[in-house]
Amino acid sequence: MADQQITVLTAPGIGSLQITKTAAVGGADDNLFANPPGSRVLFFVENTDAATRAITVRSVACSHGRTLDITFNIAATTGFRVIGPLPPDLFNTTTGFVEINTDIATNVKMFAIAIPG
């Protein structure tokens, strides 16, 4: 399965925003989110599966060659996590995306919102 690019929504400021969570995310493959320099993007992960799921936010090598992926478990049934904003120089691929993986795609949903400012 190819990498799945997930659209980043923009918060409306004063107003409201209809959120549509992704119907399915890529399991072992990368879920890609645009993360332009200077932006403030929050990434959301929801788990409605009956089991706890592992999530990994992949980092890239910094100017010193270090990497530090963010890994965490998300609780079964009602688990919900917010990630970010993430510094582009530590988390963006060469094409400007953040990669977030989960150990299984079933019942895991993700979305992202850019905060203007």
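A few remarks follow.
- The stretch 94-104 - residue that is part of a strand (DSSP E or B) and of a type outside the set (Phe, Trp, Tyr) and, of those, surrounded by the most Cβ atoms within 10 Å (Cβ to Cβ): Val98
- Beta carbons closer than 6 Å, at least 6 apart along the sequence or on distinct chains, pair a first residue in the stretch 26-40 that is within 14 Å of Val8 (Cβ to Cβ) and in a strand (DSSP E or B) with a second that is modelled with pLDDT under 85 and charged (D, E, K, R) for Leu32/Asp3.
- Residue count, the stretch 105-117 (criterion: outside any strand (DSSP E or B) and either hydroxyl-bearing (Ser, Thr, Tyr) or under 17 Å from Ile70 (Cα atoms) (or both)): 1
- Just one of the numbered conditions (1) modelled with pLDDT of 90 or more; (2) closer than 15 Å to Lys109 by Cα; (3) aliphatic (A, V, I, L, M) is not true of Ala23: (1).
Every residue, every condition in (1) closer than 15 Å to Gln4 by Cβ; (2) hydrophobic (A, V, I, L, M, F, W, C); (3) over 14 Å from the mean Cα position of the chain (by Cα), yes or no:
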| site | (1), (2), (3) |
| --- | --- |
| Ala50 | no, yes, yes |
| Ile74 | no, yes, no |
| Pro87 | no, no, no |
| Phe97 | yes, yes, no |
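- Among the residues of the stretch 84-110, those identified as at pLDDT 90 or above and either of a type in the set (Val, Ile, Thr) or over 23 Å from Ala61 (Cα atoms) (or both) are Thr93, Thr94, Thr95, Val98, Ile100.
- Only a single item in (1) in a loop (DSSP other than H, G, I, E, B); (2) in contact (Cβ under 8 Å) with a residue 24 or more places away in the chain is not met by Ile14, and it is number (2).
- Qualifying residue in the stretch 82-93 (condition: surrounded by 13 or more Cβ atoms within 10 Å (Cβ to Cβ) and part of a strand (DSSP E or B)): yes
- Filtered by the rule that a residue be within 29 Å of Thr48 (Cα to Cα) and part of a loop (DSSP other than H, G, I, E, B), the stretch 61-76 gives Leu68, Asp69, Ala75, Ala76.
The values are calculated or read from the model by the stated rules, or taken from the named source; none is laboratory data. Because the structure is predicted, anything quoted here is derived from the model rather than measured. Backbone-built Cβ (ideal geometry, glycine too); neighbour counts: all protein chains shown.
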